[in-house]
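Engineer: Okay, here's the structure, questions in a sec.
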Amino acid sequence: MTAHRKKPEPMQVVKQRRDAMLRALVGSVPYIQYLGIEFERRGDELTCVLPFKDNLIGNPILPALHGGVTASLLEVTAIITLSWTSLWDDIESGALDVQDLTNGSRRFLPKTIAFSTDYLRSGLPRDAYARARVNRSGRRYASVYVEAWQDNRAKLFAQANGHFLMPQNRDA
């Protein structure tokens, strides 16, 4: 008797599921929509995009992005990337679906314990990008490093380190 393996899903179905899950996760945070932040996904890697708008300027004389907007960009990138990374296996296995995220996805978001931002140079009046790297993610605690740049990935305008309390009971 031959064992039958489950036929893999078509790649387009997998991509649609991943994109829908990311939209639901990002859509659960109103401040992300307020700032106009978007996420681009390539496989399991996320890049945060902050499209430039005039109301993001803090110092109109320079002009420079507001420091709070810069810090928010970094923290949002850390939280969404950390959530995405921790949910990846459940998304891929089908143990988690869009309805789970749509109906109360905040329970999947980590809570910030500490967040330290380094402002390396002024953010210019143009689009900004950020990417996070999860240094450690356990059952209770996670550590994340984030970088932000504008025109040149090698010339960061801000970076941050964050420590987060991971969600304890996803089923609640």
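The values are calculated or read from the model by the stated rules, or taken from the named source; none is laboratory data. Keep in mind that this is a model prediction, so the values were computed, not measured. Please note: Cβ atoms are built from the backbone with ideal geometry, for glycine as well, and neighbour counts cover all protein chains shown.
Engineer: Which condition breaks for G123 when tested against (1) in contact with a strand residue (DSSP E or B) (Cβ under 6 Å, 6 or more places away or on another chain); (2) closer than 20 Å to G27 by Cα?
Structural biologist: Condition (2) is where G123 drops out.
Engineer: In the range 83-131, what residues are modelled with pLDDT under 95, out of contact with any Phe, Trp or Tyr (no Cβ under 9 Å at 6 or more places or on another chain) and among the polar types (S, T, N, Q)?
Structural biologist: T85, S93, Q99, T102, N103, S105
Engineer: Consider Q12 carefully, then state whether it is surrounded by fewer than 10 Cβ atoms within 10 Å (Cβ to Cβ), under 21 Å from Q99 (Cα atoms) and free of Cβ contacts under 8 Å to residues at least 12 places away in the same chain.
Structural biologist: In short, yes.
Engineer: Report yes if F115 is hydrophobic (A, V, I, L, M, F, W, C), more than 16 Å from L22 (Cβ to Cβ) and touching a helix residue (DSSP H, G or I) at 6+ places or on another chain (Cβ under 8 Å), otherwise no.
Structural biologist: Taking the combined requirement at face value, the residue satisfies it.
Engineer: For the range 130-172: of the residues being free of Cβ contacts under 8 Å to residues at least 40 places away in the same chain and within 20 Å of P51 (Cβ to Cβ), which is surrounded by the fewest Cβ atoms within 10 Å (Cβ to Cβ)?
Structural biologist: Only one residue tops the list, namely N152.
Engineer: Would you call A78 at pLDDT 90 or above, in contact with a Ser or Thr (Cβ under 9 Å, 6 or more places away or on another chain) and of a type in the set (G, A, S)? Write out each step before concluding.
Structural biologist: On the way: at pLDDT 90 or above: yes; in contact with a Ser or Thr (Cβ under 9 Å, 6 or more places away or on another chain): yes; of a type in the set (G, A, S): yes.
Here the answer is yes, as A78 does meet what is asked.
Engineer: Give me a count of the residues in the range 131-171 that are closer than 18 Å to L25 by Cβ and among the aromatic types (F, W, Y).
Structural biologist: Of the residues in the range 131-171, 1 are closer than 18 Å to L25 by Cβ and among the aromatic types (F, W, Y).
Engineer: Under 23 Å from G58 (Cα atoms) and surrounded by fewer than 17 Cβ atoms within 10 Å (Cβ to Cβ): is that true of L124 in this structure?
Structural biologist: Yes.
Engineer: T85 fails exactly one of the following numbered conditions: (1) out of contact with any His (no Cβ under 9 Å at 6 or more places or on another chain); (2) over 22 Å from W149 (Cβ atoms); (3) not small (G, A, S). What is the number of that condition?
Structural biologist: Only one criterion is unmet by T85, namely (2).
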